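A short write-up of the structure that comes next.
The values are calculated or read from the model by the stated rules, or taken from the named source; none is laboratory data. These figures come from a predicted structure and were not determined experimentally. Here the Cβ is made from the backbone with ideal geometry for all residues, glycine too, and neighbour counts use every protein chain on show.
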Amino acid sequence: MKKTRMFIFYVFALLFSIYGQAQTLTIKGKVLDENGLPTPGATILVKGTTTSTVSDFDGNYQINADSNGTLLISYVGYTQSQEAISGRTQIDVKLKPETQSLQEVVVIGYGSQKKREVTGAVSVVDSKTLDILKPVRIEQALQGTVSGVNVTSTSGSPGAKLDIRIRGIATNGDAEPLTIIDGYIGELGLLNPNDIESITVLKDAQAAIYGSAAANGVILVITKTGKKNAKGKLAYNTYTGFQETAKTLSTLNATQYAALLNESYANGGKPLPYPNLSSSIGQGTDWQKEVFGRNVPIISHDLTFSGGSEKITYAVSGSHLDQEGIVGGDKSGFLRNTARLSLNADVSDRLKLKSNVIYTYFNRKTLLENGNASVLLNSVNAPTVLKPYDANGNFTVFPGGTLGNEMINPLAQIDNTYNRYNFKQISGNFGLDYKLFKDFVISSNLGFKSANSEGKSFAKIVDYGGGKVFNVDRSSVSQNAINDNNYSFDIFGTYTKTIAENHKVVAMVGNTIYKEYGNGLFATGFDVPNNSWEFADIDLADGPTEGNINPAGSYIYDERRLSYFTRLQYDFKGKYLLSGMLRRDSSTKFGPGNKVGYFPSLTAGWLISDEAFFGEKNIVNFMKLRGSYGIVGNDRIPNNGYISQLTGEATYLFDGGLVNGRATGQIPNPNLKWEQAKKFDVGLDINLYNNKVNIVADYFIDTRADLLIPLIPVSGILGGAAPGASNPTINAGTVRNSGLEFAVNYKNEFSDEFSINLGYNVTLLKNNVTQINGAPYVEGGVFGVGQQFPSRMQVGHSMGYFYGLKTNGLYQNQADVDAQPIQNGVRANAGDIRYVDVNGDGKITLEDDRTDIGDPIPEATMGFNVQLNYKGIDFSMYTFASIGNDMVRNYESIADDANRLTYVLDRWTGEGTSNTVPRVTTGANTNRLFSDYFVEDASFFRIQNIQLGYTLNSSFVSKAGISKLRLYAGVNNLYTFTKYKGYDPGASNGAPIGGGIDDGFYPIPRTYLLGLNINF
């Protein structure tokens, strides 16, 4: 009996064991991303089988599996999750983003590659960075986030253009990089930042695939699309805030001003303007405080609806931005509206269609900036003893004479400024991919742009005071209408084949047709009815023209480019990479003998970490050595430079009378040809410590040959100085940029609740002009009034270096003065600037003693960025630094009675009192000659953005149908650490020669933001 019971027990145990091992369960669950949001389209696979399923719109899934099996959950961009079933029937999974990005796909132009396979110098900025930075213009997001890229502001006024320079300045023409938006040529600054998925910067010979337009580098923009198998998602992003100036210049108050003016007049031998000076004058008027607004509003709204099915994806978005200027109130502002539609469809297994259409509208109002006419220059130099308004409440009229005929009341100037500019553009692309057979795909893309803009400015009759140059005694209105268009058609075939497992070949060949065309019309009308902006229109201004001036003008242009290109990529065993490119461009910018240019390049890579000798990857997980060399072109010059046109003006004698007519304009250059950029780069990519640390280092040389230089004097017979005429553009120079880029990023998830991302990048740059043909140098820039050009392009120096007198302290006594030569024909006095006799000929002259006194190009630029996430809290900070760049202080008036900055309080007043700041005097002196006294070190470190956000728990907000709700507060342009006295040490007017001269740049505002991100 006992044996029978034991037998029965063993039988049941065996059956139970067999049943337990073979039991099949139905498992349900939900796949979430790192923010707890549903992840549609995730793949759930039973390990060791072919059983799989895909999560639905809400991230839900259901699958049958063995109770002791394992589920593998994967999704693009996330680390694969492995879950032991262990008898469970409900398994929810929260995916983690990939800690390394080697499998990420990088756009490289007419194709893409995995990041581990890229052999060129390529940098990427993703949409997450744009979300944090909240740039008004997308260019701002590249500053400090991408090594080798420097972004400078031409102005802090709303909607102002930003200049992008990739690896230095190599041309004195148009140095802007080429921007490609979803395959067509576009403008980066017109896009809504929330529409951007990624920005890829091609910095080396990888850009050669774009040939003639890519010498300045290429920026590839991919806009957001809907995702397949994703239900419709509504995302609303908004922020509101206020702006203020980040800096005001320290100027003299009324008491200090009056005392200094007395001293200046006394030193000049003139009667004192304030003989009974007392402290009762007080502080006076703070003109900058009067001009700068406070709590100036900015607001942004963005709405996106996106989703997709198995075959179709869609995204529809709209945005609104309204920014008022910190100077001028409602006379300065920027309003931008955008709308975008993206629609992609898989028509069949072979045919895919894609489309993207963007509409942009903006309206901009501006004030006069930079130079003697600017509002800020008047506010800095206006005497603090003057009041904004007189006893009758009218604007105070500034006196002339010793205050100059250009300085006027800045508040009156703002009040009498009337202008507007509106811009409308529709652009986009339509494309298709057709798989002709297994390994061969034909792609085509039609890109287009049509833009129309209108501008109007009104000059009302106004009297700013006796003799002022800005007085208007006859009203006028000027209007313009401009139409710009372009289209491009690309067609290319891509063949991808893996041979014998170890040999992968990707061959591509294609053709591009590009055309840009347009026209413009300009006209001025006089005698505006009622002297009013409301009646300022050409139709109503019917007064006679002045003299023989033609009040109207127009232009038309039509330029084309025809291109053929090919690329061959070879990959052996995934560790030996080779890519060759060749592009042939033909451009109507050049004459019959020089229309065609060929642009080849070669890139290579070696994945050292995949070699057997590399050993275990315990510390170094990935190492790739890469190099590139290629030639890229530039054709960005004025149209029709190789022929002569009747664009000049002349007066002819007919029948005994003078008749106005046309004459030859720009002197033609039939030998005009392509400017070539010869780019060399060698780089090293390293990942360390389980891919938590990523290092990228590059050494580069960019040599620009056959530089297209405009306005080179070449003929003493054909004059280039007549009205409407100019000297020609010729291939007359070579510039070399060389340097080192280094970037390191640390990213680590310490737990599900805490993660950190630290990034640092630095670029060291050396710029040198090695050749100029046809002239010993090229001059540019403006300093003071009537002085010689302060900037030059010259062999052996950097582009646009400052050329002036070198100083050696101040004369301390008469013995010092007697021991030195006369300076520019004027005998100095004690307390004046002492100039260096550079050539040692015993005299100081502008012709012989000017020299290199500064360089506007920074020696190094760098960025340091921090992102922290703890539970629902996120914090970020982005910074940027520029080291070694000089800037010229040119915003101080030369008028005797103008106000001064407070540094003059440390002026020379007697022997030994100062050796840096000269005496003040109304007498003749040479202290205002352009010299290194006006050149300052403009190095700076700027906290560009700081932001703190909080994302509410998804389980809480989901009850209201909300999948994500994030609140944040931030500050843009928080603070700039610098010794530079001006408003913005990082500003530039954009000119390669003369760009570092500060005429009173409109400062970038400091902006305080409160924002909301909400997804439904």
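Computed values, structure above
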item: Contacts under 7 angstrom Cβ, first residue in the stretch 316-331 being closer than 12 Å to Asn194 by Cα and in contact (Cβ under 8 Å) with a residue 40 or more places away in the chain, partner assigned to a loop (DSSP other than H, G, I, E, B) and small (Gly, Ala, Ser), 6 or more apart; result: none
item: Residue under evaluation Ala266, criteria (1) on the phi > 0 side of the Ramachandran plot; (2) surrounded by fewer than 21 Cβ atoms within 10 Å (Cβ to Cβ), criterion not met; result: (1)
item: Subset of the stretch 767-787 [in contact with a His (Cβ under 8 Å, 6 or more places away or on another chain) and surrounded by 17 or more Cβ atoms within 10 Å (Cβ to Cβ)]; result: Val769
item: Residue selected from the stretch 256-294 under the condition at pLDDT 95 or above and of a type in the set (Val, Ile, Thr), by the criterion farthest from Asn416 (Cα to Cα); result: Thr285
item: Residue within the stretch 801-812 that is part of a loop (DSSP other than H, G, I, E, B) and within 26 Å of the chain's Cα centre (by Cα) present; result: no
item: Selection from the stretch 673-693 of residues that are surrounded by fewer than 23 Cβ atoms within 10 Å (Cβ to Cβ) and more than 29 Å from Ile608 (Cβ to Cβ); result: Lys673, Gln676
item: Residue satisfying all of: in the stretch 727-766; charged (D, E, K, R) and within 26 Å of Tyr801 (Cβ to Cβ); surrounded by the fewest Cβ atoms within 10 Å (Cβ to Cβ) among these; result: Lys766
item: Residue within the stretch 135-150 that is more than 12 Å from the chain's Cα centre (by Cα) and buried (at least 23 other Cβ atoms within 10 Å of the Cβ) present; result: yes
item: Any hit, the stretch 810-821, residues being within 24 Å of Gly910 (Cα to Cα), modelled with pLDDT of 95 or more and crowded, with 20+ Cβ neighbours inside 10 Å; result: yes
item: Boolean, Ser306 is among the polar types (S, T, N, Q) and in a strand (DSSP E or B); result: yes
item: Asn416 being over 30 Å from Asp484 (Cα atoms) and over 38 Å from the mean Cα position of the chain (by Cα); result: no
item: Positions within the stretch 284-315 being surrounded by 21 or more Cβ atoms within 10 Å (Cβ to Cβ), closer than 20 Å to Ile196 by Cα and among the hydrophobic types (A, V, I, L, M, F, W, C), in sequence order; result: Ala315
item: Answer residue from the stretch 473-511, given it is among the β-branched types (Val, Ile, Thr) and farther than 30 Å from Leu577 by Cα and is surrounded by the fewest Cβ atoms within 10 Å (Cβ to Cβ) among those; result: Ile482
item: Contacts under 6 angstrom Cβ, first residue in the stretch 353-365 being at positive phi, partner crowded, with 17+ Cβ neighbours inside 10 Å and outside any strand (DSSP E or B), 6 or more apart; result: none
item: Residue among Asn839, Asn869, Asn927, Asn890 that is polar (S, T, N, Q) and over 38 Å from the mean Cα position of the chain (by Cα); result: Asn839
item: Residues satisfying the stated conditions in the stretch 349-390, i.e. at pLDDT below 95 and among the small types (Gly, Ala, Ser); result: Gly371, Ala373, Ser374
item: Answer residue from the stretch 826-840, given it is buried (at least 19 other Cβ atoms within 10 Å of the Cβ) and of a type in the set (A, V, I, L, M, F, W, C) and is modelled with the lowest pLDDT among those; result: Ala828
item: Residue under evaluation Thr902, criteria (1) surrounded by fewer than 16 Cβ atoms within 10 Å (Cβ to Cβ); (2) more than 30 Å from Asn409 (Cβ to Cβ), criterion not met; result: (2)
item: Residue within the stretch 788-798 that is surrounded by 15 or more Cβ atoms within 10 Å (Cβ to Cβ) and either of a type in the set (Asp, Glu) or in a helix (DSSP H, G or I) (or both) present; result: no
item: Residue that is in contact with a Phe, Trp or Tyr (Cβ under 8 Å, 6 or more places away or on another chain), among the basic types (Lys, Arg), within 30 Å of Val221 (Cα to Cα) and touching a residue at least 40 places away in the same chain (Cβ under 8 Å), where the choices are Lys460, Lys468, Lys497, Lys504; result: Lys504
item: Residue in the stretch 13-24 that is outside the structural domain of Glu197 (by TED's automatic domain parsing), out of contact with any Ser or Thr (no Cβ under 6 Å at 6 or more places or on another chain), modelled with pLDDT of 90 or more and surrounded by fewer than 17 Cβ atoms within 10 Å (Cβ to Cβ) present; result: no
item: Selection from the stretch 421-447 of residues that are basic (Lys, Arg) and either in a strand (DSSP E or B) or in contact with a helix residue (DSSP H, G or I) (Cβ under 6 Å, 6 or more places away or on another chain) (or both); result: Lys424, Lys435
